[in-house]
Amino acid sequence: MAFLLGSVVAVVGIIYILNQYGKDLPDYSQLAEYEPPIISRIYADDGSLLTEYARQKRLYIPISAVPPQVIQAYLSAEDKNFYTHGGLDYLGLMRAVVTNVKNAFTGGGKVGASTITQQVAKNFLLSGIQTYERKIKEAILSYRIEKAFSKDQILELYLNENYLGYGSYGIAAAALSYFNKSIEQLELDEIAYLAALPKAPSNYHPVRKYGRAVGRRNWVLKRMYEEGYITEEDKLAAQAKPLITASRDKTRIFKAEYFTEEVRRELKSLFGDKELYEGGLFVRTSLSPEFQLIAEREMKKGLITYDRRHGWRGPIASFSFEIMPTHLEQMEMLNSIIERNIPLGIKTWTLSLVTEVNDDNALILLSDGSRGYIDLEQVKWARAWLKKEYLGPKIKKVTEVLAVGDVVVVEEISKLKTANSELQEIDLFREYSLHQIPEIDGSLVALDPHTGRVLAMVGGFDFKRSEYNRATQAKRQPGSAFKPFVYAVALEQGFTPSSLILDAPFVIEQGYGLGKWKPENSSNKFYGVSTLRLGLEKSRNLMTVRLAQYLKMDTVVEIAERMNIIDDMPAMLSMALGAGETTLIKLTSAYGMIVNGGKEIRPTLIDRIQDRHGKTIFRHDERPCQNCQVEEWQYQAEPEIPDERKRVLDPVISYQMVSMLEGVVQRGTGVRIRALGKPFAGKTGTSNDSFDTWFIGFSPDLVVGVFVGFDKPRSLGKREEGSSVAVPIFRDFMKAATKKAPIIPFRIPQGVRLVRVNPKTGQIAAVGEKNTILEAFRQGTFPTKKGEVLDGFNSLVQTKTKLRTGTGGIY
């Protein structure tokens, strides 16, 4: 009777406990949709890895891809009855209780009896705090999980969730972190070590706690032998091996930091932080590593060239001392500056300390303790920088530039040579050139004019120095680089490239108390009547503003918005000369719409995004292609993909603009590019007082924009403009980027007639006339002997055979 009563009480007690602790348990069904945080990866268009974003280093691996021996090792170490128990291993539990009772009297440690299912319940649904209440909840959840999920599903969750040290979550990441191997490449002793880690990775560190780590690994091997998974010979061979870890190979990453940061911002905007850092996104971008390398090299070279042209601003730091310091003291001085981690921007540049100077050279100390020298020839560029970008006197002695104690940027240019050393017996040193980090900055964008895909992006001299992206974030005045869009409006309103406009003084009242506005050409000269083409080629301000006044500024504002250059641009005449503000990427895209035949494009950095399951969740090109997905080619016609781009310019006008901008390269402000001998077109831009310098140009299938200026706007100096600063960068980029490309002429659409004309008068050339050009006309708009001139009266005045001269109107 007492036994029966005790049994009833026990059953009631168990029911009460299960009911009490099972009421508010977490919903275990969420495990069915569990998606652990995994790495999102960004790739270039050739498959090169650009960067990774993650909060936890985890590589998720399905149970079907886990080698059987790895599973056997974990079962031997953690839960030998996993495939037979129902969530709780009662035999193991009783064994643990008995062992713990014994250990309580002998001073031994506690042993656990948690099954893999219990560990899944704890890791996913409960806290890690050791209490009896948590253990009861863990047991109840384990039972429920076993009823809802298969054994393989539970094991897959376990193997991918555990933290295994070295910043690694899951067995796949741990295999790479500890042994630099994929999971299928692991050897038996390595598998056993990874199976030893779940309990406490820090207790089995392979270096700091080597003995304990080897002991635990060998215990796992012993357990695998006892369970019949390996032979005794396998066990002994694996136990005899030393525990040797291998540093994980540095993930090969192609660095394009300004580009990838722009991609990160876009991904965050589209999906949010959680999906970006935990969602395992696969992002294929438009970046061309080949073009990116060229862009970074030529941008840095161009900025350095400008900077050297404007003189020496002094050393990075300077130490003064009365007694010559020892070698050790000199190293301490240099290292104190190196520790500041000053971004130099060029891999081959390094900091050095000047230790001796004479008229012919300077001796320097390098960070590795070696010495070198700088010759007089290497400092002749370093004339003193003066305000307004003027230069001091020419350098005749090294002592005019450098002093003992200066910390300067240098670059090795030769091996051992003899130097003139007065203070030291050693006379063999490596020769170095003197450098300085440019104060000026700039940006470059290269994109496909047909799709808007950004192929290269440089946002500044060095990302470590400044993350500010001057290609996408800096709004600056484009100056004359905006003029082509004023001329495009003129063509839309019936002008031709041979139409005549007066180049003469232009004065207009700005309003009460504001005085008169008197724009000038950059040369401060007037050229009389000139063709529309010549006005663009030579970047004539007076012709452009006179044309804009005739066209009405509302039309110029409209095309700025239509081409996505500037939104809500004020309808002021100065805007026709590029006084509005825009970004390099917007202006470059607008030029792309000129060369692609007048079709709208939007710059894009991302081609496609897939989620962790491989499903495409974003695609830049969303055009349908019904016949693209076929198993094989059976001589069927190529599928036709519809062109859904909106038309923003008439194709004839687009080509006329291309032809005029090609003239800029052949005869105008971009003439330095002509030497490349390939079809290029584009336009320079320089804002007032040379605060901003630009060149936006293109070939038939590549459009490139270059901007150079100071972050805190100031003049680049007298005689510095787009043609001297930005054009060389564009030229050198295009030379390298199109080196292997076939020479393709600009595409001529239907409706264009090429007529040979006199470039000065715009009239059809006479038979045998020299120095003529081919001009692009719309059918039926050829020039006649009776031309018209847009003069100062804000009207078109007809002339006969001679050009109309004189200022007329307002002046």
### Query
Which members of the range 218-249 meet the condition of being among the aliphatic types (A, V, I, L, M) and either more than 26 Å from A173 (Cα to Cα) or not in a loop (DSSP other than H, G, I, E, B) (or both)?
V220, L221, M224, L236, A237, A238, A240
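Determine, yes or no, whether P242 is modelled with pLDDT under 90 and either surrounded by fewer than 19 Cβ atoms within 10 Å (Cβ to Cβ) or under 21 Å from L75 (Cβ atoms) (or both). If you could, list the steps in order and put the result at the bottom.
Numbers: modelled with pLDDT under 90: no; either surrounded by fewer than 19 Cβ atoms within 10 Å (Cβ to Cβ) or under 21 Å from L75 (Cβ atoms) (or both): yes.
So P242 does not fit the description; no.
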### Task
Restrict the check to the range 286-307 and report whether at least one residue is touching a Leu at 6+ places or on another chain (Cβ under 6 Å), closer than 30 Å to F179 by Cβ and touching a residue at least 24 places away in the same chain (Cβ under 8 Å).
no
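Please find, within the range 615-627, the residue that is surrounded by the most Cβ atoms within 10 Å (Cβ to Cβ) out of those that are in a loop (DSSP other than H, G, I, E, B), touching a residue at least 12 places away in the same chain (Cβ under 8 Å) and not acidic (D, E).
Let us first name the residues in the range 615-627 that are in a loop (DSSP other than H, G, I, E, B), namely 615, 620-627.
Still in the running and touching a residue at least 12 places away in the same chain (Cβ under 8 Å): 620-621, 623-627.
Subsequent filtering for residues that are not acidic (D, E) retains 620, 623-627.
Values: H620: 17, R623: 10, P624: 9, C625: 11, Q626: 8, N627: 11.
Looking at the filtered set, the residue picked out is H620.
Take the residues in the range 185-217 that are among the hydroxyl-bearing types (S, T, Y) and open to solvent by 20 Å² or more (accessible area, probe 1.4 Å); name whichever of them is farthest from E232 (Cα to Cα). Show your work before the answer.
Step one: filter the range 185-217 for residues among the hydroxyl-bearing types (S, T, Y), giving 193, 202, 204, 210.
Now narrow it down to the ones that are open to solvent by 20 Å² or more (accessible area, probe 1.4 Å): 202, 204, 210.
Details: S202: 29, Y204: 24, Y210: 24 Å.
For the range 185-217, the residue satisfying everything is S202.
Can you tell me which residues in the range 36-89 are in a helix (DSSP H, G or I) and either basic (K, R) or closer than 23 Å to W219 by Cα (or both)?
To start, the set of residues in the range 36-89 that are in a helix (DSSP H, G or I) comprises 63-65, 68-78.
Within the range 36-89, P68, Q69, V70, I71, Q72, A73, Y74, L75, S76, A77, E78 meet the criteria.
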### Task
Mind listing whichever residues of the range 700-735 are hydrophobic (A, V, I, L, M, F, W, C) and closer than 25 Å to M593 by Cβ?
L702, V703, V704, V706, F707, V708, A726, V727, I729, F730, F733, M734
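Of S539, S574, S522, which residue is crowded, with 24+ Cβ neighbours inside 10 Å, under 21 Å from T693 (Cα atoms) and in contact (Cβ under 8 Å) with a residue 40 or more places away in the chain?
Numbers: S574 fails: crowded, with 24+ Cβ neighbours inside 10 Å; S522 fails: crowded, with 24+ Cβ neighbours inside 10 Å.
That would be S539, the only listed residue that is crowded, with 24+ Cβ neighbours inside 10 Å, under 21 Å from T693 (Cα atoms) and in contact (Cβ under 8 Å) with a residue 40 or more places away in the chain.
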#### Entry: Conditions (1) in a helix (DSSP H, G or I); (2) under 21 Å from D448 (Cα atoms); number of the one not met by I641
(1)
### Message
Here's a check for you: in the range 242-273, which residue that is of a type in the set (G, A, S) and touching a residue at least 60 places away in the same chain (Cβ under 8 Å) is nearest to F618 (Cα to Cα)?
### Response
A256
### Query
If you take the residues of the range 498-519 that are charged (D, E, K, R) and at pLDDT 90 or above, which of them is surrounded by the fewest Cβ atoms within 10 Å (Cβ to Cβ)?
K518
### Query
From the list L716, L661, which one is among the hydrophobic types (A, V, I, L, M, F, W, C), crowded, with 16+ Cβ neighbours inside 10 Å and in a loop (DSSP other than H, G, I, E, B)?
L716
### Message
I need every pair where a residue in the range 542-570 that is of a type in the set (F, W, Y) has its Cβ under 6 Å from the Cβ of a residue that is open to solvent by 10 Å² or more (accessible area, probe 1.4 Å), sequence separation at least 6 or different chains.
### Response
Y550/N794
### Conditions (1) open to solvent by less than 40 Å² (accessible area, probe 1.4 Å); (2) at pLDDT below 95; (3) touching a Phe, Trp or Tyr at 6+ places or on another chain (Cβ under 9 Å); (4) of a type outside the set (A, V, I, L, M, F, W, C); number of the one not met by R430
(1)
### Task
Return only the number of the condition from (1) outside any helix (DSSP H, G or I); (2) of a type outside the set (A, V, I, L, M); (3) within 30 Å of R470 (Cβ to Cβ); (4) open to solvent by 70 Å² or more (accessible area, probe 1.4 Å) that F254 does not satisfy.
(4)
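Is there a residue in the range 76-88 that is over 40 Å from the mean Cα position of the chain (by Cα), open to solvent by 60 Å² or more (accessible area, probe 1.4 Å), modelled with pLDDT under 70 and more than 19 Å from K147 (Cβ to Cβ)? Give the steps one after another, and end with the answer.
Quick first cut of the range 76-88, residues over 40 Å from the mean Cα position of the chain (by Cα) only: 76-88.
Those still in the list that are open to solvent by 60 Å² or more (accessible area, probe 1.4 Å) too: 80, 83-84.
With the extra rule that they be modelled with pLDDT under 70, the set shrinks to none.
No, every residue in the range 76-88 fails to be over 40 Å from the mean Cα position of the chain (by Cα), open to solvent by 60 Å² or more (accessible area, probe 1.4 Å), modelled with pLDDT under 70 and more than 19 Å from K147 (Cβ to Cβ).
Specify which of the listed residues (D732, D701, D711, D689) is on the phi > 0 side of the Ramachandran plot and open to solvent by 20 Å² or more (accessible area, probe 1.4 Å).
Details: D732 fails: on the phi > 0 side of the Ramachandran plot; D701 fails: on the phi > 0 side of the Ramachandran plot; D711 fails: on the phi > 0 side of the Ramachandran plot.
Exactly one of D732, D701, D711, D689 is on the phi > 0 side of the Ramachandran plot and open to solvent by 20 Å² or more (accessible area, probe 1.4 Å), namely D689.
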### Query
How about the range 736-757: which of its residues are out of contact with any strand residue (DSSP E or B) (no Cβ under 9 Å at 6 or more places or on another chain) and closer than 12 Å to S659 by Cβ?
P745, R747, P749
### Summary
With the first residue restricted to the range 226-241 and required to be over 19 Å from P68 (Cβ atoms), and the second required to be among the polar types (S, T, N, Q), Cβ contacts under 9 Å at 6 or more apart or on different chains are Q239/N218
### Message
With the requirement that a residue be farther than 30 Å from R309 by Cα, open to solvent by less than 40 Å² (accessible area, probe 1.4 Å), modelled with pLDDT of 95 or more and part of a loop (DSSP other than H, G, I, E, B), what does the range 735-771 give you?
### Response
F746, P749
### Query
Are there any pairs, at least 6 apart or on different chains, whose C-beta atoms fall under 9 Å, with the first in the range 334-358 and over 30 Å from L293 (Cα atoms) and the second open to solvent by less than 20 Å² (accessible area, probe 1.4 Å) and in a helix (DSSP H, G or I), and if so, which?
L353/Q330; L353/L334; L353/I337; T355/Q330; V357/V398; N358/V398
### Tally of residues being closer than 30 Å to K712 by Cα, touching a residue at least 60 places away in the same chain (Cβ under 8 Å), of a type outside the set (A, V, I, L, M) and assigned to a helix (DSSP H, G or I) across the range 664-698
1
### Query
On the given criteria, is G272 more than 13 Å from the chain's Cα centre (by Cα) and part of a helix (DSSP H, G or I)?
yes
### Message
Quick check on my filter: what residues within the range 506-564 are more than 24 Å from A776 (Cβ to Cβ), of a type in the set (D, E, K, R) and not in a loop (DSSP other than H, G, I, E, B)?
### Response
E509, K516, D554, E561
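The values are calculated or read from the model by the stated rules, or taken from the named source; none is laboratory data. Predicted model only: the values in this text are computed from it and were never measured. Counting neighbours? That spans all protein chains shown, and the Cβs are built from the backbone with ideal geometry, glycine included. These area figures cover heavy atoms from the full protein model, side chains too; ligands, DNA and RNA do not enter into them. Shrake-Rupley method; radii C 1.70, N 1.55, O 1.52, S 1.80 Å.
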